[in-house]
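Asks: Here you go, one structure.
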Amino acid sequence: MNSTTSEKLFSRAQAVIPGGVNSPVRAFRAVGLPPRFIVRGRGCNVFDADGNLYIDYVGSWGPMILGHAHPEVVYALKEQAARGASFGAPTPLEIELAEMICAALPAMEMVRMVNSGTEATMSAIRLARGATGRRKIIKFAGCYHGHVDALLVKAGSGATTLGVPDSAGVPAEFTGLTLSATYNDLESVDELLRREAGEIAAIIVEPVAGNMGTIPPAPGFLEGLRARCDKHGILLIFDEVMTGFRVAYGGAQVRYGITPDLTCLGKIIGGGLPVGAFGGRREIMELLAPLGAVYQAGTLSGNPLAMAAGRATLRILRDENPYPRLEEKTAYLAGETDQLLNRYGIPHYCTRVGSMFCTYFTDRPVRNYQDAQQADTEFFARYFAAMLSRGIYLAPSQFEAGFVSAAHGDDALEDTLTALEQTLKNL
Ligand code: KE4
């Protein structure tokens, strides 16, 4: 597979963009390859600058649940673009998308649009602190909530000491109020609550962990967080930037029947355009400016193009309900993958929730960050390269989720499994 043009573009990009990319994971550093520069997408396929066609399981890291260039989404964008891209004024579109989101998520009485998942979680944390008058936050090792200073905490640090920064440029004071617990481990939460329950404003969690592969919540985990938050007057924040409208129409809170106090959204609700949102109970949300004392703002928040693409996307998800078929297709893909890896004697652990999935190359179950870290990332890199060379575009990291879209047809799944078998025969 020729990647000459991508490699030339990568060299050019690195002259003017740090690492040649606008988001680190795209640089393929975890798999030791030059990234492919993608020029077009259609349905479940993307095409790179050398004209190579791939079956895409990244889907822009989640937003493209309908596949690329869905005709109705493209039409909605063209229509809105012809009327103007941005006004910095309220528009009817924002109301419509807000109403659709609130109708889909029982916990959400009000919602504020922002421009990224990072903005959504940053704002939700500020709002939780403003609402409770408390300062500390609990997060979970391996959960990623965007590049918010306060949430870039070294895994495992908060349980023993106060949060230690996991990035240069973040002063210890900025993470010192963030405590880190272990995903799927309520005892690790209780250990923190025993010491500082009265100081905790919020617990923020990915209800399905999608940033250390894909890790489902253990039975009782989310329920346990809800009960602890109720007991201690702590706000429960579901970061559903990835799971929102992915694992169900609404998200994990609908799939698992747990009601958070605040929810963060992104990705799918913008249909591929820059977007984020956060929302929850009215009495909390009305603490936000201009009504209340918690300030939050954004020039392009509720941007008409993002609203138009998001509305078109949610309308299709609501009215055509692709979720049962997404469940079937992803279960088939994951099941066949599991069988092939067994047949070739490759240690692995497959996980799936709805249409997000992960294949860990490890001989043990993966329930938290520490388990995920045991995976064989060197083998993953070889597996990734072999699959890419056969036209299968997987997430370029062992610690990312894969996504099946409504546009992945049976042929695409069969082609993927054929490529997998050829890969396993030759690895
Ligand atoms: P953004 O700021 O990247 O829009 O959203 C941050 C974010 C927040 N919460 C969750 C649960 C997320 O998964 C994300 C972003 N996800 C990553 C993929 N693992 C985005 C890919 C990237 O960083 O380039």
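Asks: Scan the stretch 324-336 for residues that are touching a residue at least 40 places away in the same chain (Cβ under 8 Å) and either open to solvent by 30 Å² or more (accessible area, probe 1.4 Å) or closer than 10 Å to Arg352 by Cβ (or both) and report the count. Talk me through it step by step, then tell me what you get.
Replies: Going residue by residue through the stretch 324-336, those that are touching a residue at least 40 places away in the same chain (Cβ under 8 Å) are 325-326, 329-330, 332-333, 336.
Going one step further and asking which of them are either open to solvent by 30 Å² or more (accessible area, probe 1.4 Å) or closer than 10 Å to Arg352 by Cβ (or both), we end up with 325, 330, 332-333, 336.
The qualifying residues number 5.
Asks: Give, as residue ranges, the strands (runs of 3 or more DSSP E) completely inside the stretch 1-87 that count at least 2 residues that are under 23 Å from Leu420 (Cα atoms), within 16 Å of the ligand (Cβ to nearest atom) and of a type in the set (Asp, Glu). Explain how you work it out, then say what you get.
Replies: Working: elements: 38-42, 45-48, 53-56.
Fully inside the stretch 1-87 and qualifying: nothing.
Asks: Report, ordered by the first and then the second residue, all pairs with beta carbons closer than 8 Å, sequence separation of six or more or different chains, a first member in the stretch 236-254 that is in contact (Cβ under 8 Å) with a residue 60 or more places away in the chain and of a type in the set (S, T, N, Q), and a second member that is within 14 Å of the ligand (Cβ to nearest atom) and part of a loop (DSSP other than H, G, I, E, B).
Replies: Within 8 Å, the pairs are Thr243/Glu206; Thr243/Pro207; Thr243/Val208; Thr243/Gly210; Thr243/Gly251; Gln253/Pro207; Gln253/Glu240; Gln253/Pro260.
Asks: If you don't mind, there's one more thing I want to ask. Restricting attention to the stretch 111-125, which residues are near the ligand (Cβ under 8 Å from one of its atoms) and crowded, with 23+ Cβ neighbours inside 10 Å?
Replies: Passing the criteria: Gly117, Glu119, Ala120, Thr121.
Asks: I would also like to ask the following. Among the residues of the stretch 109-131, is there at least one that is assigned to a loop (DSSP other than H, G, I, E, B), out of contact with any Pro (no Cβ under 9 Å at 6 or more places or on another chain) and either over 28 Å from Leu77 (Cβ atoms) or not polar (S, T, N, Q) (or both)? Before you say what the answer is, go through the steps one by one.
Replies: So the first thing to find is which residues in the stretch 109-131 are assigned to a loop (DSSP other than H, G, I, E, B), and the list is 109, 115-116.
Of the ones still in play, those that are also out of contact with any Pro (no Cβ under 9 Å at 6 or more places or on another chain) are 109.
Now narrow it down to the ones that are either over 28 Å from Leu77 (Cβ atoms) or not polar (S, T, N, Q) (or both): 109.
Yes, the stretch 109-131 contains at least one residue that is assigned to a loop (DSSP other than H, G, I, E, B), out of contact with any Pro (no Cβ under 9 Å at 6 or more places or on another chain) and either over 28 Å from Leu77 (Cβ atoms) or not polar (S, T, N, Q) (or both).
Asks: Additional query: Does any residue of the stretch 13-28 turn out to be at positive phi, of a type outside the set (Gly, Ala, Ser) and touching a residue at least 60 places away in the same chain (Cβ under 8 Å)? Steps first, please.
Replies: Going residue by residue through the stretch 13-28, those that are at positive phi are 19-20, 28.
With of a type outside the set (Gly, Ala, Ser) added as a condition, the list becomes 28.
With touching a residue at least 60 places away in the same chain (Cβ under 8 Å) added as a condition, the list becomes 28.
Yes; the residues of the stretch 13-28 include at least one that is at positive phi, of a type outside the set (Gly, Ala, Ser) and touching a residue at least 60 places away in the same chain (Cβ under 8 Å).
Asks: Something else about it: Only residues that are open to solvent by 50 Å² or more (accessible area, probe 1.4 Å) and either touching a Pro at 6+ places or on another chain (Cβ under 9 Å) or touching a residue at least 60 places away in the same chain (Cβ under 8 Å) (or both): list them for the stretch 34-77, please.
Replies: Answer for the stretch 34-77, where residues must be open to solvent by 50 Å² or more (accessible area, probe 1.4 Å) and either touching a Pro at 6+ places or on another chain (Cβ under 9 Å) or touching a residue at least 60 places away in the same chain (Cβ under 8 Å) (or both): Leu53, Ser60, Glu72, Tyr75.
Asks: For a quick check of your reading of the model, give me the residue pairs whose first member lies in the stretch 139-155 and is open to solvent by less than 20 Å² (accessible area, probe 1.4 Å), whose second is part of a loop (DSSP other than H, G, I, E, B) and within 11 Å of the ligand (Cβ to nearest atom), with beta-carbon atoms closer than 6 Å and at least 6 apart or on different chains.
Replies: Gly142/Met212; Cys143/Glu206; Leu151/His145
Asks: So Met100 fits all but one of (1) open to solvent by 50 Å² or more (accessible area, probe 1.4 Å); (2) part of a helix (DSSP H, G or I); (3) in contact (Cβ under 8 Å) with a residue 60 or more places away in the chain; what number is the exception?
Replies: Among (1) open to solvent by 50 Å² or more (accessible area, probe 1.4 Å); (2) part of a helix (DSSP H, G or I); (3) in contact (Cβ under 8 Å) with a residue 60 or more places away in the chain, the lone unmet condition for Met100 is (1).
Asks: A follow-up question, please. In the stretch 362-419, how many residues are open to solvent by 40 Å² or more (accessible area, probe 1.4 Å) and among the β-branched types (Val, Ile, Thr)? Steps first, please.
Replies: First, the residues of the stretch 362-419 that are open to solvent by 40 Å² or more (accessible area, probe 1.4 Å): 363-365, 367, 369-370, 373-374, 376-378, 382, 389-390, 399, 406, 410-411, 414-415, 418.
Restricting the remaining residues to those that are among the β-branched types (Val, Ile, Thr) gives 377, 418.
The number of residues fulfilling the criteria is 2.
Asks: Continuing with the same structure: Select, from Phe47, Phe10, the only residue that is at pLDDT 95 or above, touching a strand residue (DSSP E or B) at 6+ places or on another chain (Cβ under 6 Å) and not acidic (Asp, Glu). Walk me through it before giving the result.
Replies: Details: Phe10 fails: touching a strand residue (DSSP E or B) at 6+ places or on another chain (Cβ under 6 Å).
So the residue among Phe47, Phe10 that is at pLDDT 95 or above, touching a strand residue (DSSP E or B) at 6+ places or on another chain (Cβ under 6 Å) and not acidic (Asp, Glu) is Phe47.
Asks: What number goes with the only condition from (1) within 15 Å of the ligand (Cβ to nearest atom); (2) part of a helix (DSSP H, G or I) that Lys139 does not pass?
Replies: Answer for Lys139: the failing condition is (2).
Asks: Right, something else. Just checking, how many residues over the stretch 279-296 are in a helix (DSSP H, G or I) and either of a type in the set (Lys, Arg) or buried (at least 24 other Cβ atoms within 10 Å of the Cβ) (or both)? First the steps, then the outcome.
Replies: Within the stretch 279-296, the subset in a helix (DSSP H, G or I) is 282-285.
From the residues that got through so far, the ones that are either of a type in the set (Lys, Arg) or buried (at least 24 other Cβ atoms within 10 Å of the Cβ) (or both) too are 282.
Of the residues in that region, 1 qualify.
Asks: Going by the structure shown, is Gly133 of a type in the set (Gly, Ala, Ser), surrounded by fewer than 18 Cβ atoms within 10 Å (Cβ to Cβ), out of contact with any Leu (no Cβ under 6 Å at 6 or more places or on another chain) and more than 19 Å from Gly272 (Cα to Cα)? Full working, then the answer.
Replies: Numbers: of a type in the set (Gly, Ala, Ser): yes; surrounded by fewer than 18 Cβ atoms within 10 Å (Cβ to Cβ): yes; out of contact with any Leu (no Cβ under 6 Å at 6 or more places or on another chain): yes; more than 19 Å from Gly272 (Cα to Cα): yes.
Spelling it out, Gly133 is indeed of a type in the set (Gly, Ala, Ser), surrounded by fewer than 18 Cβ atoms within 10 Å (Cβ to Cβ), out of contact with any Leu (no Cβ under 6 Å at 6 or more places or on another chain) and more than 19 Å from Gly272 (Cα to Cα).
Asks: Here's a follow-up. Out of the residues in the stretch 88-97 meeting the condition of being within 24 Å of the chain's Cα centre (by Cα) and surrounded by 17 or more Cβ atoms within 10 Å (Cβ to Cβ), tell me which one is farthest from the ligand (Cβ to nearest atom). Talk me through it step by step, then tell me what you get.
Replies: Going through the stretch 88-97, the residues within 24 Å of the chain's Cα centre (by Cα) turn out to be 94, 96-97.
Going one step further and asking which of them are surrounded by 17 or more Cβ atoms within 10 Å (Cβ to Cβ), we end up with 94, 97.
Numbers: Glu94: 18, Leu97: 17 Å.
Selected residue: Glu94.
The values are calculated or read from the model by the stated rules, or taken from the named source; none is laboratory data. Predicted model, so just to flag it, every value in this text is computed and none were measured. Note that each Cβ is placed from the backbone with ideal geometry, even for glycine, and that neighbours are counted across all protein chains shown. All accessible areas refer to the heavy atoms of the entire protein, side chains included, with ligands and DNA or RNA removed. Shrake-Rupley method; radii C 1.70, N 1.55, O 1.52, S 1.80 Å.
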